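Encoded as structure tokens, the structure appears first; notes follow it.
Laboratory data are not the source of any read-out in this text; all were calculated from the coordinates shown. Here the structure is a predicted model, which means the values were calculated and not measured. As a convention, Cβ positions derive from the backbone with ideal geometry for all residues, glycine included, and neighbour counts pool all protein chains shown.
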Amino acid sequence: MVVLMMMSNFEVSAQNSTLKEANEAFENFSYMDAAKIYEELIAKGYESNSIYRNLADSYFYNSNYEKAVHNYEIYISKESKVAPIVLYQYAKSLDASGNSEKAKEYYDRYNKSQSNKKELKTEINLYGKFFTEKKTINYESELSSESSEYPTMIQGNQLYLVSNGLSSRGIDRWTNKPYNSLTYFNEQGELKPLLSTATPFHEGSATIDPSGKNMYVTLNLKGTKPSKKAVYLATLKIVQYVLKNNRWVFEKVLKLNSDQFNSAHPVINSDGSMMYFASDRPGGYGESDLYSVTIDSNGDFGEPENLGSTINTIGRESFPELDQFGQLIFASDGHRGFGGYDLFGVDLKSNNPTVVNLGNEVNSNQDDFSLVFSDEYTGYMASNRLLNSGDDVYSFIFGKPFDFTPKQVVLGTVQNKGLPLANVSIQIMDSKTVIGDVNSEKSGDFELEVIDPSNEAKIVRLYKEGYEPKDVSVPFNSVFQVVELGVIELKKSLESLTAGDDLAKFFEIEMIHFDFDKWDILPASDEDLAKIAEALIQYPELKIEIRSHTDSVGSEVYNQYLSDKRAMSTYDYLIQLGAKASQMTYKGFGESQLIQKCDSCSNDENRKNRRSEFIIVK
């Protein structure tokens with residue numbers, strides 16, 4: 001018994017020692033080492049909520065989303081109070097694993113734990129859905145290998161990659177893969193390191209300023225120890241190199257860096273006055289945010305400014321890039337996407353900047369990031385969508401340049417009785433003013449675009465001379481939204497009518513209702529006769545002849561008598577509604593002008609013969 005107790009105590013001590021080793025590996029970002037040890041402990045029956053949480057996080061930070069889902073599920077099922085960050089990371093892992101419905105459930109649970117300002121949108125603003133131009137995404141086998149590569153910049157015709165295929169500096173304990181190097185292709189087309197040994201750890205994304213003389217590179221540099229638990233602190237810093245004798249020579253570590261946080265992935269705008277970069281410095285919105293920093297004419301940097309909550313989220317925003325218009329493209333796993341990192345765009349100069357997902361032609365359910373341009377239509381990006389092959393390089397071709405200026409579009413077709421109406425003036429209005437206008441085409445089709453719109457409902461107003469104007473409500477609820485109104489019917493206006501036209505047809509009055517075999521007007525016709533009266537009141541010069549017709553049932557003499565009485569009754573009724581007697585004459589036609597001539601007419605045929613007409617005579 002004593003021996004068994006000693007063995008049991010020994011096993012517990014060994015497990016505690018192993019758990020301590022796993023936790024130290026996790027705290028030092030050696031996620032894959034930590035995951036391996038946690039899995040071994042679980043296999044031996046040693047479980048705890050903290051193990052499942054750390055194991056899920058280890059897989060999440062290495063983009064192994066299916067394993068992350070499995071362990072988050074176990075952790076959440078056992079934990080009474082789940083932290084918001086876990087709900088978010090579980091939702092992202094579900095998205096990346098193809099379970100978007102359950103992901104939305106956990107995004108909603110995350111939102112309920114947050115204030116309105118920190119909520120995540122559970123709908124995706126899709127650039128690819130709004131703009132339908134063709135996108136071609138191709139895997140570049142000659143630029144990819146069994147190692148991991150991603151494009152970082154294009155200078156002239158030279159493509160620069162970050163690759164872990166050339167490094168001999170050791171293994172990154174985060175991923176258990178070699179450290180990255182900044183590389184280029186020499187004249188023989190061979191991939192070569194760009195820098196002499198700059199750091200024993202990672203080299204990362206880089207950018208060259210418009211002068212071509214200054215390069216800013218992400219380096220993983222060793223710093224001071226933050227605590228006794230860490231073996232060392234190696235943080236990402238942005239450093240400056242200068243071009244001397246056709247070689248890049250280290251100049252300095254920029255002052256915006258610190259040993260206490262990371263700064264990485266710089267990109268500089270077209271005139272060299274601004275740098276954008278990613279950082280997890282204090283005061284941000286999530287795990288890493290995007291920042292801007294000014295560069296003066298002497299090359300000195302100002303104070304970094306966070307790009308704000310429109311762009312930054314609880315998650316990771318990284319890999320900024322600028323297109324030819326100065327629009328920002330970046331990778332994020334915090335905005336709703338298709339899983340993992342997705343590529344997004346935003347127009348920073350807009351009055352109403354709106355982040356949009358580049359769509360599922362560009363993005364996959366894995367990690368898609370680091371897009372760089374060759375020109376306004378083409379370039380390269382990175383993705384690990386081919387599972388188990390690491391990060392690979394893909395080329396892209398777009399049908400036209402990106403345009404991230406927020407828009408709303410209204411589509412429709414204008415007709416009159418099935419025929420298209422061209423040159424209809426169409427305006428879109430908010431609560432204050434006209435914010436867009438266009439004329440319909442020969443086909444009757446129109447497309448109205450609103451730039452930098454608000455989210456409020458709007459009115460589309462249609463006008464064409466000779467037709468009644470019409471307002472149509474448009475229930476916009478977001479920007480980058482297309483609303484299809486379908487066919488809009490315009491009616492001719494009274495001004496368009498001429499002598500001989502029938503007001504009954506104009507107002508679509510099928511018939512005036514009378515008591516059977518009588519001339520008393522029934523209430524069912526009140527509204528229709530009110531329209532005729534209103535037209536006569538509105539246009540005092542308008543004159544009409546009231547014509548009453550019967551079917552052929554009964555004698556011809558009686559039908560003539562009945563129609564005379566009904567015509568007179570209609571005349572009197574219109575006078576009671578305010579029309580002037582001088583504007584009207586009336587006449588009964590009996591069965592003399594039958595529409596349906598038949599020996600034994602059906603009820604429907606008789607109904608068509610029983611009609612009233614209001615013929616314009618002036």
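The string of couplings for the range 280-293 from the Karplus curve (6.51, -1.76, 1.60, θ = phi - 60°) is 10, 4, x, x, x, 9, x, 6, 8, 10, 9, 10, 10, 8 Hz, one whole number per residue in order, with x for Gly and Pro.
Going by C-beta contacts inside 10 Å, put Ser148, Ser270 in order with the fewest on the left. Walk me through the intermediate numbers first.
Details: Ser148 22, Ser270 12.
The most exposed by this proxy come first: Ser270, Ser148.
In a reduced charge model with +1 at each Lys and Arg Cβ and -1 at each Asp and Glu Cβ, the chain shows a dipole moment near 1200 debye about its Cα centre. Each residue in Ser374, Ser163 was given a count of other beta-carbon atoms within 10 angstrom of its own, and listing them fewest first yields Ser374, Ser163.
Ignoring aspartates and glutamates fewer than eight residues from Lys20 along the same chain, the ones with Cα atoms less than 16 angstrom from its Cα are Glu11, Asp33, Glu39, Glu40, Glu47. Note that the range 127-398 shows a convex hull volume over its alpha carbon atoms of 137 Å³ per residue. Projected onto the charge dipole of the chain (+1 at Lys/Arg Cβ, -1 at Asp/Glu Cβ, origin at the Cα centre), which of Ile295, Thr405, Tyr463 gives the Cα projection farthest towards the positive end? My answer, from the dipole projection, is Ile295.
Measuring against 23 Å, Cα to Cα, the residue pairs Lys580/Lys608; Lys491/Lys565; Lys213/Lys252; Lys505/Lys618 contain Lys580/Lys608; Lys491/Lys565 as the ones spanning a longer distance. Are there any chymotrypsin sites (Phe, Trp or Tyr not before Pro) in the range 496-572 that are in a DSSP loop and have at most 11 other Cβ atoms within 10 Å? List them by number. Sparse-neighbourhood loop chymotrypsin sites (Phe, Trp or Tyr not before Pro): Phe516. Compactness of the chain, taken as the C-alpha radius of gyration over 2.2 N^0.38 Å, stands at 1.47. Centroid-to-centroid, using Cα positions, the range 171-204 and the range 304-354 are 27 Å apart. Across the options Thr550, Ser612, Gln538, the greatest Cα extent toward the positive end of the charge dipole of the range 497-616 (unit charges at beta carbon of Lys, Arg, Asp, Glu) belongs to Gln538.
Long-range amide H contacts for Leu348: which residues qualify at under 5 Å (H placed 1.01 Å from N, peptide plane, sequence gap of 5 or more or a different chain)? Correct list: Leu328.
So how do Tyr88, Tyr179 line up by other beta-carbon neighbours within 10 Å, fewest first?
Values: Tyr88 25, Tyr179 20.
Listed from fewest to most nearby Cβ atoms, that is Tyr179, Tyr88.
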